[in-house]
Amino acid sequence: MTILVTGGTGYIGSHTVVQLLEAGHHVLVLDNLCNSKAQVIDRISQITGNPPQFIEGDVRNRKLLKQLFADHAIETVIHFAGLKAVGESVQKPLMYYENNVSGSVVLLEEMAAAQVKSIVFSSSATVYGEPQFLPYTESHPLKPINVYGHSKLMVEQVLQDLALSDPAWRVALLRYFNPVGAHHSGLIGEDPAGIPNNLMPFVAQVAVGKRAQLSVYGNDYDTKDGTGVRDYIHVDDLASGHLAALEYLKKNAGVLKVNLGTGQGTSVFELIHAFEKAANQKIPYEVVARREGDLSEYYADAKYSKMVLGWQAQYDIDRMCVDTWRWQSQNPNGFND
Ligand code: NAD
Ligand code: UD1
């Protein structure tokens, strides 16, 4: 099958492209490189022996999309392209709505014009907001607490309205929990620009000596050890969830909304200890005040994904840390090495 992958040089996109190529698909990657590097394509070819076709460009570029759909027999789109920094989204809401929402609308218009009506969309557990109950099931109320979360929920709404207007659409809304880890080759992984916002890349940079110590944002939450609890999922499990979603869409029209998580909650202290084991070294940390906007605890109900996709996560937190450490230690400066 010929698949257009937007944002395919990014963290989750690149791991998914590897699995798509390994499954024999023809892959076109469209990315404007605003948060990734072209070297990723070389690394993907090193892993698979088979490079995807790379087009440097923007999903908001209508002319380019028209050309792509005219030149290639694209059957489905996996839409990763978007901006994802929560703090930045609050400071620059228009930039986030323009890229994430308007960008998706342009893509969908051009897909419709080309009669390509199958899409897998990167949504996020952030659409649920403050937990009314845990684990979050897919029917949990949707009440995002920041601009980034609203932009994801808006695109979910656009896709649902589109599918209502035309039953030919096949849509998978994948609500990711916290993606971490890296490909076992150590050739691709998460390469944040600047100071990492997220826990795992920060811990990895402390371990490799790029940061002096970790700040633990609060140990007074009502959780197992007082630190924040999340559902970390290996990026390769997340990637295989996309292949399962493509199989589902071959057989089913309409809209699928599904969590991609493990169902397991891990605290900040538990993650630090797992990483210390993986890297065989102590991670210096200091407990500081809570981070504004952080939720205390959340994790997925993973039953529906298993039932509807026949998919479940395989890797535990120890493996996530081992693979993150391999990537970080082999590439201390990410793709700049
Ligand atoms: P990433 O930043 O590594 O990848 C996104 C890619 O999209 C980047 O390569 C970037 O250059 C590209 N891009 C951004 N805007 C573009 C545009 N207008 N046109 C073309 N390319 C563009 O992020 P990621 O972690 O791989 O996330 C992928 C998707 O999953 C995003 O939509 C993100 O919001 C969503 N998501 C991520 C997480 C997470 O924690 N990583 C969690 C839930 C959902
Ligand atoms: C963040 C985003 C969320 C997004 C998710 C994607 C915020 C407020 N939320 O969530 O919208 O969907 O990333 O993965 O940015 N922590 C520390 N020290 C650090 C970094 C984090 O103690 O230096 C703690 C946090 O308080 C939290 C846990 O580690 O308890 C995980 O944090 P992080 O990796 O940033 O993920 P989220 O908070 O889930």
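The values are calculated or read from the model by the stated rules, or taken from the named source; none is laboratory data. This one's a predicted model, so the numbers in the text were calculated from it and none came from an experiment. Neighbour counts are summed over all protein chains in view; Cβ atoms, including those assigned to glycine, are modelled from backbone coordinates with ideal geometry. To get the accessible areas, we keep the full protein, side chains included, count just its heavy atoms, and leave off ligands, DNA and RNA. Shrake-Rupley method; radii C 1.70, N 1.55, O 1.52, S 1.80 Å.
Provide the packing ranking of 231-240, 247-256, i.e. peptides ordered by the mean count of other C-beta atoms within 10 Å per residue, highest first.
Working: 231-240: 23.9, 247-256: 14.8.
Ranking, from highest mean packing down: 231-240, 247-256.
Using only alpha-carbon positions, what ratio does the radius of gyration of the stretch 194-319 give when scaled by 2.2 N^0.38 Å?
1.22
Tell me the net charge near Glu138. Cut-off is 9 Å between Cβ atoms, Glu138 excluded, with +1 for each Lys or Arg and -1 for each Asp or Glu.
Summing Lys and Arg as +1 and Asp and Glu as -1 gives +1.
Separation between the Gln39 and Lys210 pseudo-spin-labels, each 7 Å from Cα along Cα→Cβ, expressed in nm?
My value for the distance between the label points is 1.1 nm.
Give, rounded to the nearest 20 debye, the magnitude of the charge dipole that the chain has about its Cα centre when Lys and Arg contribute +1 at Cβ and Asp and Glu contribute -1 at Cβ.
In debye, rounded to 20, the chain gives about 280.
Taking K and R as +1 and D and E as -1, what net charge do the other residues with C-beta under 9 Å from the C-beta of Cys321 add up to? Could the numbers behind the result be given before it?
On the way: positive: Lys277, Arg319; negative: Glu276, Asp318, Asp323.
Overall, the nearby charge balance is -1.
Using θ = phi - 60° and the Karplus form 6.51 cos²θ - 1.76 cosθ + 1.60, what ³J(HN,Hα) does each residue of the stretch 108-113 get, whole Hz, x for Gly and Pro?
5, 4, 6, 4, 4, 4
Label the stretch 42-180 by shape, choosing from rounded, prolate and oblate, from the square roots a ≥ b ≥ c of the eigenvalues of the Cα gyration tensor; if a/c is under 1.5 it is rounded, and otherwise prolate applies when a/b is larger than b/c, oblate when it is not. List each step's numbers first, then the result.
On the way: a/c = 1.64, a/b = 1.41, b/c = 1.16.
Prolate shape, in that a/c is at least 1.5 and a/b is the bigger ratio.
Over the alpha-carbon set of the stretch 1-67, divide Rg by the Kirkwood Rh and report the Rg/Rh ratio to two decimals.
On the way: Rg = 11.2 Å, Rh = 11.8 Å.
Reported Rg/Rh (Cα atoms, Kirkwood Rh): 0.95.
Where a Cα-Cα gap under 21 Å defines reach, which lysines qualify for Lys250, not counting those fewer than 8 residues away within the same chain?
Straight-distance partners of Lys250: Lys117, Lys306.
How large is the convex hull of the C-alpha atoms of the chain per residue, in Å³?
On the way: hull volume 40.9 nm³, N = 337.
About 121 Å³ per residue, rounded to a whole number.
Hey, what does the equivalent ellipsoid look like for the stretch 165-221, semi-axes from the Cα gyration tensor as sqrt of 5 times each eigenvalue, largest first, whole Å? If you can, show how the numbers build up before the last one.
Numbers: eigenvalues 220, 65, 19 Å².
With the √(5λ) rule applied to the stretch 165-221, the semi-axes are 33, 18, 10 Å.
If you average the alpha carbon positions of the stretch 175-230 and of the stretch 81-108, how far apart do those two centres end up, in angstrom?
The two parts, judged by their Cα centres, are 23 Å apart.
Given a 1.4 Å probe and every protein chain left where it sits, what share in percent of the accessible area of the stretch 193-286 is carbon and sulfur?
Answer for the stretch 193-286: carbon and sulfur cover 44 percent of the accessible area.
Just need the relative contact order of the chain here, percent rounded to a whole number, with Cα pairs under 8 Å and 6+ apart.
19 percent
So which chymotrypsin sites (Phe, Trp or Tyr not before Pro) in the stretch 98-149 end up in coil per DSSP with only 12 or fewer other C-beta atoms within 10 Å?
Numbers: sites: Phe121, Tyr128, Phe133, Tyr136, Tyr148; in loops: Tyr128, Phe133.
The qualifying sites are Phe133.
Given Cα pairs under 8 Å that are at least 6 residues apart, what percent is the relative contact order of the stretch 96-230?
Once divided by the residue count of the stretch 96-230, the mean separation gives 20 percent.
Return the Rg/Rh value of the stretch 26-110, two decimal places, where both radii are evaluated on C-alpha atoms and Rh is the Kirkwood radius.
1.00
Out of all DSSP beta bridges in the chain, what portion is antiparallel? Express it as a percent rounded to 5.
Rounded to the nearest five, the antiparallel share is 5 percent.
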